[in-house]
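Engineer: Here's a structure for you.
The values are calculated or read from the model by the stated rules, or taken from the named source; none is laboratory data. Keep in mind the model is a prediction, meaning the values are calculated, not measured. We place every Cβ from the backbone using ideal geometry, glycine too, and count neighbours over all the protein chains shown.
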Amino acid sequence: MLRFELTGAAESGAISMADIINLRRARKARARTEAEAQASANRARFGRTKAETRAAKAEADRIARAVDGARRDDETPPKP
């Protein structure tokens, strides 16, 4: 299936030639760019060294301890 995309003067209402776009190729190109973006995100998320992973876990644990240590223990509900 071919799709016509209006460009330039055609958008303003003047009659002009349109660019012919092959939808299959456009769909595959879009899928490739989306797959590359996903791969890049996965590389950033899972492509860390063991030392980096341990450091991130230690930092998350330190933050959790700080939040738990600052939590108030009083059980009385606040007055409305």
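Engineer: If I ask for residues that are part of a helix (DSSP H, G or I) and among the acidic types (Asp, Glu), which ones from the range 42-73 would you list?
Structural biologist: Listed by number, the residues that qualify are Glu52, Glu59, Asp61, Asp68.
Engineer: Here's something else I'd like to know. For the range 1-53, give me the residue count where each residue is surrounded by 10 or more Cβ atoms within 10 Å (Cβ to Cβ), of a type in the set (Ser, Thr, Tyr) and at pLDDT below 90.
Structural biologist: Selection size over the range 1-53: 3.
Engineer: Can you tell me which of (1) over 22 Å from the mean Cα position of the chain (by Cα); (2) at pLDDT 85 or above is the one Pro77 doesn't meet?
Structural biologist: Of (1) over 22 Å from the mean Cα position of the chain (by Cα); (2) at pLDDT 85 or above, only one is false for Pro77: (2).
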